[in-house]
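What follows is a single structure, written as structure tokens, with notes after it.
Any read-out appearing in this document is the output of simple, stated calculations on the displayed coordinates, not a laboratory observation. Here the structure is a predicted model, which is why all the values come from computation and not from measurement. Don't worry about glycine lacking a Cβ; one is built from the backbone with ideal geometry, like all the others, and counts go over all protein chains shown.
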Amino acid sequence: MLKKLLISSSLALLLTVSAFAQSVQQSGSVTRNHIPVWNTSGVIADGGSSADSPITSLGVTNNGGAGFCVSSDRQTAAGRNQLCFGAATAGPATISLQNFGTAAAQGINFVINGTVFPFPASLASITVGSTPVIGGTNGNCLIITAALVGQQNCAVLLSGTTGTGTIVLQNSPTLGGTIGGNLSWSGNQTWTGAATFSNDLLVNGTSSPASASGQTIVMGTVSPPVLANTGQAWLFNSAATGANLQGNGSNFDISILNAAGSVIMQVPTGTVNPTFPGVLTLSGLGSGSCVNGVGLDSSNRTITVSCPGAASSIQIGTTTVVSGTPNDLLYNNAGFLGNAGIATFLTSGTGITITGTTNATIALTTPVSSANGGSGNSSPAAHTIPINEGSGSQNNTTAGTTGQAILSNGAGVDPSFKSGPWTLINTLTASSSASLQDTTSITSAYSDYEIVFTNLIPSTTSVSCELQIHSGGTFQTSAYAGSGFVPNGTAIIQIVASTFIPLCNSGSQVNSAPGITGSLRISNPSSSAIHPVSGIVTYNGAGGAIAQWIVGADWNSAGVIDGFQFLFSAGNITSGTVKIYGRL
């Protein structure tokens, strides 16, 4: 419409100019359906598009009508929407959007910096403090009634005030202050603070929340839940069992306390056996014939027992005995309560005598014979060990000395303390070790020493295993005498060394399992003398052959031996152990 108006105006202007015989020139190219614009006097040009136009001012005068309109299509189209703007001298201005023909009615969108604000269908947002509200009462809440925005008195939500009206709370609201009137909740409610109800609290919920620690749940009619977490309490009802209290605690499921906080009844966790820490008093009991009695088992739980006879119970210290002899014992005498002196219930035996009737004395004859479970001996010597002798009295060993042990002396002979057992003193373990050394285990505490080495494997193949003596504060590297022997087919190979005691054939030990294993013995090493060393060694040589090596040697110098070391002629000791034993 606006384009038509401008084009008509331009044509009229051109006609008028022609009438005055003035020439009008065109500047540049033009686009169909664009309006012209004056560049200079007598020169017009294309008016551009809505995206980029040189026109700086455009005015329409129309009082009360649609002075400026934009249509989505031509008037001859089957359907179109038209947006018009109008102004009136004596009325309000208008912005109208109208559909024609087959076009559907549409709304108006305000697009501000790319954000769409629909109007009047809905508001995309409301800015607090700046969006005006036309009509309404200050302090009321906005509600939706019949698809329209309305208002509702919401004073009941203000802290410290009261009000009336129906309020629907959603999305877990937080309420404070005093709430009057009736409140209805359709879902589960959680109170994190104290809630006081001056009137009735009616609970008829049937939807159980999930089990969680720290809950105290009040429900209506529900099935008993399964409480999977400790620290819970549920109060609900059922048609069959009425009021129900259910709990789950780490020690007790249910506890009932008095005003002082003391426990008067508890149900241990997961059981059906209530406990009563205090005195249980029963009142209102009727009279009649006894069918079953009530008793306590070893765990203080109530059980059904047979009905008692004449007396339902005997209270120690208060029940009166009508007849009987003082200090007698009460007993079951063929189904009746009887009494007799203590001696009546005691019988003398071998080695046991009973004297007296009222206050009986039981005496034990000593020593108790072996046949009666005794030793047959009185006051055996200290630090000795008893020896059973069949039906006869026990014998005792003599006291042993340090390092001795009980050893058999053969069938039919009592054992005795003797010297001889080997005592483990120390263990050396190789782990890529240059050598295995011990300078503390060999002392004057034992007469004989045995050195047992097991599976010593060298890191280098084709080496010799060597033993060196420690004396005078150093490992000796000279003055060794003796040799080692190993059978080799029909021959015997002998190795003589002066700087160590050889434990295998020279250069024959390979660096694979099982390595070298054997034992050596030395006697009285703490005396200053020449001490022979002897033993047998097994090792695996080249080609996997297993050889047995016989050792007979010494350090050919008189002196005290207080240590030793194992090493290979080259490389480290990959693994293996050396154990030192002593014997008195």
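A compact table of results
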read-out: Principal semi-axes in Å for the stretch 423-583 [√(5λ), Cα gyration tensor, largest first]; value: 24, 18, 14
read-out: Ranked by how many other beta carbons lie within 10 Å on average, peptides 373-381, 565-573, 502-510, 238-246 from highest; value: 502-510, 565-573, 373-381, 238-246
read-out: Gain upon complete extension [Ser379, Thr366; 0.36 nm per residue less C-alpha separation]; value: 3.6 nm
read-out: Placed amide H near Thr397: partners under 5 Å, 5+ positions off or other chain; value: Ile385, Ile387
read-out: Highest to lowest packing among 441-450, 422-431, scored as the average C-beta count within 10 Å; value: 441-450, 422-431
read-out: At R0 = 25 Å, FRET efficiency that the Cβ-Cβ distance of Thr304 and Ser223 yields, to 0.05; value: 0.20
read-out: √(5λ) per eigenvalue of the Cα gyration tensor, the stretch 370-489, largest first, Å; value: 49, 18, 14
